[in-house]
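Please treat every number below as a calculation from the coordinates, not as lab data. Here the structure is a predicted model, which means the values were calculated and not measured. Neighbour counts run over all protein chains shown; Cβ positions are idealised from the backbone, glycine included.
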Amino acid sequence: MNFRNFISAIAVYAIVILSVGCTTTIEQSQPDTTVQVVGAMRNVMRKGELQGTIALDTISNKKQLYGLGPVEYLTGELLVIDGKSYKSTVVSETEMHVEETFDVKAPFFVYANVPNWKEQQLPDSIRTIKQLEAYLDQATKQAKRPFAFRLQGIIDSAQIHIVNLPKGTQVSSPGEAHQGMTNYSLQSQDVEIVGFFSTEHKAVFTHHDTFLHMHLITKDKKQMGHLDDLNLRPGTVKLYLPVE
């Protein structure tokens, strides 16, 4: 091989190496929004497995983390928004305590890392949980499922609850699991809702009669809980879906 051919061969080899390197970088940069599930609701409600199956501070990647579930032994509610973890517990029938902490365990927990969101105005006709469920189901037929989603806006009214099982209570049914549960009514509040949608996880991280599990937190971070009832204010709500 003469010198000119040798130089040409080196140049071709360098181009190939650079191309492979660029391709690898592009592939690694794609966001992974896969929903992760630890434990199962039915194990808690039916089998009485109340102890923590995950310590939130052991989740390795907390950047842009979103998640929800109950506190172990059903003593509160958990919500992670954009890498910040909130725990709510019952103080009284009208008061709750919300603190920011990752030092907590959950008997079941669903979470995902979502670096990028696609924002859209939620149609004014979507005001209730049932309407939201139907809308999400129809709008995401071609999307990756299950998925996390967010809502930001104003509620005309909502009802949330915090589980508050008395210490030492044995659980073998949903009725027993909900002993001590406290409901809170909200009116005209600016809120954020984090939810997870799935048609395949009933009794795993959603209840048996819904595709949704959602927790709500007020803008001032003073109230947070599992969302049971919802009346959104038309024209004020943004929906955020993961960018795949």
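The lysines whose alpha-carbon is closer than 27 Å to the alpha-carbon of residue 105, local same-chain residues fewer than 8 away aside, are 47, 62, 63, 84, 87, 167, 202, 219, 221, 222.
Projecting the Cα atoms of 132, 109, 142 onto the charge dipole of region 103-192, computed from C-beta unit charges around the Cα centre, puts 142 farthest toward the positive end. Residue ranges 115-127, 72-84 sort as 72-84, 115-127 when ordered by packing (mean number of other C-beta atoms within 10 Å per residue, highest first).
If you take all other residues with their beta carbon under 13 Å from the beta carbon of residue 52, and give Lys and Arg +1 and Asp and Glu -1, the sum is -2.
Between residue 118 and residue 222, the modelled labels are 3.8 nm apart [label points 7 Å from Cα along Cα→Cβ].
Okay, helix-only estimate at 222 nm for the chain: each DSSP H run of n ≥ 4 adds -39500 (n - 2.57), divide by all residues, round to 500 deg cm²/dmol; what do you get?
On the way: 4 runs with 46 residues, N = 244.
Here the helix-only value at 222 nm equals -6000 deg cm²/dmol.
Dividing the C-alpha radius of gyration of region 149-244 by 2.2 N^0.38 Å, with N its residue count, gives 1.19. Close amide H partners of residue 230, meaning residues 5 or more places away or on another chain with modelled amide H under 5 Å apart, are 129, 159.
Per the Debye calculation on region 90-167 with a single equal scatterer at every Cα and no solvent contribution, log₁₀ I(q)/I(0) for q = 0.22 Å⁻¹ amounts to -1.30. Computed from the alpha carbon atoms alone, the convex hull of the chain holds 161 Å³ per residue.
Between residue 210 and residue 125, the distance separating the two model label sites (each 7 Å from Cα on the Cα→Cβ line) works out to 2.2 nm. The length gained by stretching the chain between residue 57 and residue 43 to full extension, at 0.36 nm per residue less their Cα-Cα distance, is 2.8 nm.
Taking amide hydrogens as placed 1.01 Å from N in the peptide plane, the amide H of residue 69 sits under 5 Å from those of 78, each at least 5 positions away in sequence or on another chain. Counting only Cβ charges, +1 for Lys and Arg and -1 for Asp and Glu, the dipole size of region 95-206 around its Cα centre is about 520 debye. Taking amide H positions as modeled 1.01 Å from N, with prolines and chain starts lacking one, the residues under 5 Å from residue 85 and 5 or more places away or on another chain are 101.
Per 0.36 nm of contour for each residue apart, how much would the distance between residue 91 and residue 202 grow if the chain were fully extended, relative to their Cα-Cα spacing? Write down the numbers at each step before the final one.
Values: separation 111, 0.36 × 111 = 39.96 nm, distance 3.04 nm.
Result: 36.9 nm gained on full extension.
What is the magnitude of the charge dipole of the chain about its Cα centre, with +1 placed on the Cβ of each Lys and Arg, -1 on the Cβ of each Asp and Glu, and no other charges, expressed in debye to the nearest 20?
Working: 23 positive and 26 negative charges, 130 e Å.
My answer is approximately 620 debye.
Tell me, what is the percent relative contact order of the chain, built from C-alpha pairs under 8 Å that lie six or more residues apart?
On the way: 547 pairs, mean separation 59.9, N = 244.
This gives 25 percent for the chain.
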